[in-house]
1. Look at the range A:80-112 and say how many of its residues are at pLDDT 90 or above and touching a helix residue (DSSP H, G or I) at 6+ places or on another chain (Cβ under 7 Å).
2. Which condition number does residue A:83 fail, the rest of (1) within 30 Å of residue B:16 (Cβ to Cβ); (2) in contact (Cβ under 8 Å) with a residue 24 or more places away in the chain being met?
3. Of all residues in the range A:17-39, which are touching a strand residue (DSSP E or B) at 6+ places or on another chain (Cβ under 9 Å) and either within 7 Å of chain B (Cβ to nearest Cβ) or over 30 Å from residue B:159 (Cβ atoms) (or both)?
4. Scan the range B:184-211 residue by residue and report those that are under 25 Å from residue A:74 (Cβ atoms), in contact with a strand residue (DSSP E or B) (Cβ under 8 Å, 6 or more places away or on another chain) and assigned to a helix (DSSP H, G or I).
5. Spot the failing condition for residue B:21; the list is (1) within 14 Å of chain A (Cβ to nearest Cβ); (2) in a helix (DSSP H, G or I); (3) over 26 Å from residue A:111 (Cβ atoms), and only one is missed.
6. Looking at the range B:162-181, is at least one residue closer than 16 Å to residue A:95 by Cβ and surrounded by 15 or more Cβ atoms within 10 Å (Cβ to Cβ)?
7. Among the candidates B:77, B:148, single out the residue that is under 30 Å from residue B:188 (Cα atoms) and without any contact (Cβ under 8 Å) to a residue 60 or more places away in the chain.
8. What number goes with the only condition from (1) buried (at least 19 other Cβ atoms within 10 Å of the Cβ); (2) away from chain A (no Cβ under 13 Å) that residue B:98 does not pass?
């Protein structure tokens, strides 16, 4: 639901790094999103196509790298991957869990084009 | 044209988080304990704030920042009527408060005269969980009529909580709500989270919450 604000942040970061590298155009943006971040890819793409229109990011392709949620059971030490909703430890049933990964939400890299130096 | 890959590795909400850090130091400097109060619409956030003011005034001076999607001052007016300063923030339709909005709110709030600041977030169980504000405590007001499945359906907001309020306990005899199923879900997401069952209508449970909060506020002053 908050994808518009999120997409604005994506654009701001991409444009800043593009400027720093004298880009003429940004062609690709690589995002890494953990399974526990409540972000809908299609919705970001939808807003992206609108808000990037007047910028050098226009037409850039968004790539979403989804990372699984990994949890550690603090009771028995088992590590497991969360597929759907919250579950207790599959090994011992404990609810004392620690999130190891899955909350990531960052821009990994961008691909840019530069004008050839004359 | 020459193509090239540029490494970025930057948190998407980095800009928001940096402003949240500024908000936190502003609040720390003023010695004001601050709460990000979240809930679904109609869970009783404003009633809970008013009950908290009633229980703690005049021992604590409490300011309230009201986040609303529409430019209505219904909630802020109630706080002012209760004798405490309130600042209204309109999100312009946005589904959550962010750190910049709170920063603007803090600039209008007489922080030096306060012990406690309550930020009433927009009624929503999804988006407020993603945006740090810089406040000290994340608190959720859950309520009985919402149903006992909410921790399972909105895990992100339950994961980040410091305190859980379960409001409208006076309705337990009238609506199907399996408390142990609800608490089992909470336990999976946030084991041992501090929980206060209350009824803002009857006032039941408010005193225990107010005592806890008063203690927290005194710790902050040390």
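The values are calculated or read from the model by the stated rules, or taken from the named source; none is laboratory data. This structure is a prediction, so every number in the text was calculated from the model and none was measured. Glycine gets a Cβ as well: all are built from the backbone with ideal geometry, and neighbour counts include every protein chain shown.
1. Going through the range A:80-112 one residue at a time, the tally reaches 3.
2. Here residue A:83 clears every test but (2).
3. Correct list: A:17, A:18, A:20, A:21, A:22, A:23, A:24, A:25, A:26, A:27, A:28, A:36.
4. Answer for the range B:184-211, where residues must be under 25 Å from residue A:74 (Cβ atoms), in contact with a strand residue (DSSP E or B) (Cβ under 8 Å, 6 or more places away or on another chain) and assigned to a helix (DSSP H, G or I): B:186, B:188.
5. Condition not satisfied by residue B:21: (1).
6. yes
7. When all the criteria are applied, what remains is B:148.
8. Residue B:98 satisfies all of (1) buried (at least 19 other Cβ atoms within 10 Å of the Cβ); (2) away from chain A (no Cβ under 13 Å) except (2).
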